[in-house]
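Beneath this line is the structure, given in C-alpha cells, with notes to follow.
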Amino acid sequence: MDKFIIQGGARLAGEVVVSGAKNAALALMPATLLAAGNYKLSNVPRLRDIQTMTTLLRSIGVEITRANGVLTINSFGVSKHEAPYAHVKKMRASIYVLGPLVARYGRAKVSLPGGCAWGPRPVDLHIESLRKLGASIELKRGYILAEADRLKGARIRFEVSSVGATGNALMAAVLAKGTTVIENAAVEPEITALALFLESMGARIGGTGTNRLEIEGVDELSAADAAMIPDRIEAGTFLTAAAVTGGNLTLRNTIPGHLAAVTDKLREAGCVVRTENDCITLSAPETLQPVDVTTAIYPGFPTDMQAQWIALMLNAKGSSVVTDAIYLDRFKHVPELARLGADIRIRNNTALVRGGKPLTGTTVMSTDLRASASLIIAGLIAEGTTEVLRVYHIDRGYEAIETKLAALGAHIERTRSDEF
Ligand code: EPZ
C-alpha cells in the first residue's frame, strides 16, 4: 500500500487545473445503461472510484475504453443485471446501476452497500423510490432484488434530501410510463449534470436544477456525449490547502458558483478570493480567523469539505465549531489529527477545534476519502515529517494529488509501504 511522506512548512503558490467531477462521472456512467449505443464521456478523472464503476459496468456487459480522459462506452452488449457485493462494498455509488437496470431491463440484483468508514449510510430512499414507481423489491441475503414489467410514473417525495436516491429515481423515471414528480430532489450540481445528460439522451425533465423535478416518461432514449463538470470538492480541497499554508493559488477549470459556500467561508477566515470565468484565485492572510461551519445540502457548505475545514481551522487564531448536519458521525479524521497534536473535541455531530496549537509530524492513517485529504492538509503545516498511510483512500477521489501539490511547492512524495 502506498503512503505519502510530507515535510511541513512550505507555503503553497502557483496554479492548478481542477479535474472533472468524480460524483458527476459516477452518475453519468451508469446512465449509459438506459439506452444501447455509443457514448463519449470526456473530462473524466483518473480515479479508483471511476475504475470501480468501469469494472462493474464491464461485468454487466458494457464495453468501456479510456483515452486522454475520454471514456468511450458501448452499451449494446448488456447481458447481466447484477451488481455483486464485491463491487458495491468497494464503492457505495455502485447502487446507481439499480434504477437504470430496472427501468431498461425490468430487473436488477444489487448488493446492499454495507457500512462505510463512517455511519450506516442506508439506501431505504433508493428502494422506496423504485417501489413507488411500481417495482417489486425483495431484500434477500444482502441483496436488493428488483423487478418490474414497466415502471409507472409516480409522485416521490424525499423526507431527506439524498443525492444518490435522487439520481436513481431520476434514471428510473425517465423510461417509466407516465409522469413522475420528485419533490425535495437533491440539487447538487452533479445531479443537475445527470438531468442535463438524460435530457440530451431524449428524456423529458422539467425543473432541472430545482428541488422539484417533473419527468414525462418516454419509451426509449438514445446515446449522447457529455463533458464532466469540474470537481467542486477537489477545488475546495486545494483552496484550503493553499490557505492553511498562508499561500496563494490560482485554480483553473472551475465553476465558481458550485463552491460559493466554501469561498464565502474562506473570505470570512481572512482570505482574499477572486473569481473570474472558470478561474478562482486565493491569497491567504498571515493569520487565519476562526470560522464556524455547519454542513448543509447544496448550495450550503458541503459535508465533503467538513474534514478539510477542520484541518484548516487548526491554523486559525482561536476556536471554531464545525458541525456536520448531513452525516452525524463523519469524524474519523479527528483521532488521527489528534496524533499530530490537534486539540479537537467531538460532541455528537459537532467538533470544537482549538486553532493555533503547533502540530508535530508523525504517522497517521487514512480512513476514508475526505479524511485523508484533511490529514494531508494538516501535514502541510505540521512541524517535521508526516506519513499518511493507506493513500488508496485518497486515490479514490483525487487525481494525482501529490503531483499537483508538489507543483505548488509542497514537499510531498508517494512511496510504497508494507503497512497493512
Ligand atoms: C453523495 O453520496 C456523494 N457521493 C457523497 O460524496 C456525499 O458525501 C453525499 O452525496 C452528500 O452530499 C456520490 O455522489 C457518489 P446522500 P450519497 O444520499 O448519495 C441519508 C465523496 O466524498 N440517506 O445524499 O450516498 C444519508 O445517510 C462522497 O465524494 C438515507 O437516509 O449521499 C445521509 O445522512 C462521500 N437513506 C443523507 O441522506 C438513503 O436511502 C445524504 O446522503 C440515502 C441517504
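Among the residues in region 327-346, are any of a type in the set (A, V, I, L, M, F, W, C) and within 18 Å of the chain's Cα centre (by Cα)?
Scanning region 327-346 turns up at least one residue that is of a type in the set (A, V, I, L, M, F, W, C) and within 18 Å of the chain's Cα centre (by Cα).
Condition first: surrounded by fewer than 24 Cβ atoms within 10 Å (Cβ to Cβ) and of a type in the set (S, T, Y). Now tell me which residues in region 246-274 satisfy that.
The answer is T250, T263.
Condition first: in a helix (DSSP H, G or I) and surrounded by 19 or more Cβ atoms within 10 Å (Cβ to Cβ). Now tell me which residues in region 84-102 satisfy that.
Those that are in a helix (DSSP H, G or I) and surrounded by 19 or more Cβ atoms within 10 Å (Cβ to Cβ): H87, V88, A93, S94, I95, Y96, V97, L98, G99, P100, L101, V102.
Quick check on region 61-83: of everything there that is in contact (Cβ under 8 Å) with a residue 40 or more places away in the chain and assigned to a strand (DSSP E or B), which residue is farthest from T32 (Cα to Cα)?
In this case the residue turns out to be L71.
R396 versus (1) surrounded by fewer than 19 Cβ atoms within 10 Å (Cβ to Cβ); (2) charged (D, E, K, R); (3) in contact (Cβ under 8 Å) with a residue 40 or more places away in the chain: which is the lone unmet condition?
(1)
Six or more apart or on different chains, Cβ atoms under 7 Å: show the pairs whose first residue is in region 291-311 and closer than 16 Å to R267 by Cα and in contact (Cβ under 8 Å) with a residue 60 or more places away in the chain and whose second is buried (at least 19 other Cβ atoms within 10 Å of the Cβ) and of a type in the set (K, R).
Between residues of region 291-311 that are closer than 16 Å to R267 by Cα and in contact (Cβ under 8 Å) with a residue 60 or more places away in the chain and residues that are buried (at least 19 other Cβ atoms within 10 Å of the Cβ) and of a type in the set (K, R), the close pairs are Q308/R370.
Taking N23 as meeting all but one of (1) closer than 30 Å to I381 by Cβ; (2) at pLDDT below 95; (3) within 16 Å of the ligand (Cβ to nearest atom), write down the number of the exception.
The number of the failed condition is (2).
In region 282-310, which residues are in contact with an Asp or Glu (Cβ under 8 Å, 6 or more places away or on another chain) and within 11 Å of the ligand (Cβ to nearest atom)?
T295, I297, Y298, T303, Q306 - these are the residues of region 282-310 that are in contact with an Asp or Glu (Cβ under 8 Å, 6 or more places away or on another chain) and within 11 Å of the ligand (Cβ to nearest atom).
Looking at S162, S129, which one is under 27 Å from H333 (Cβ atoms) and of a type in the set (S, T, N, Q)?
After ruling out the rest, the residue left standing is S162.
Within the group A378, A373, A338, A325, which residue is assigned by TED's automatic domain parsing to the domain that holds A243, within 16 Å of the ligand (Cβ to nearest atom) and not in a loop (DSSP other than H, G, I, E, B)?
Of the residues listed, the single one that is assigned by TED's automatic domain parsing to the domain that holds A243, within 16 Å of the ligand (Cβ to nearest atom) and not in a loop (DSSP other than H, G, I, E, B) is A373.
Which numbered condition trips up D304, out of (1) closer than 25 Å to E190 by Cβ; (2) out of contact with any helix residue (DSSP H, G or I) (no Cβ under 6 Å at 6 or more places or on another chain)?
Checking D304 against (1) closer than 25 Å to E190 by Cβ; (2) out of contact with any helix residue (DSSP H, G or I) (no Cβ under 6 Å at 6 or more places or on another chain), the one that fails is (2).
Being within 11 Å of G318 (Cβ to Cβ) and in a strand (DSSP E or B) is the filter here, so list the residues in region 345-363 that pass it.
V353, R354
Determine whether G341 is within 21 Å of T250 (Cβ to Cβ) and at pLDDT 95 or above.
Judged against the criteria, G341 is not a match.
The values are calculated or read from the model by the stated rules, or taken from the named source; none is laboratory data. Computed from a predicted structure; not experimentally measured. Quick reminder, even Gly has a Cβ in these numbers, built from the backbone with ideal geometry, and neighbours come from all protein chains shown.
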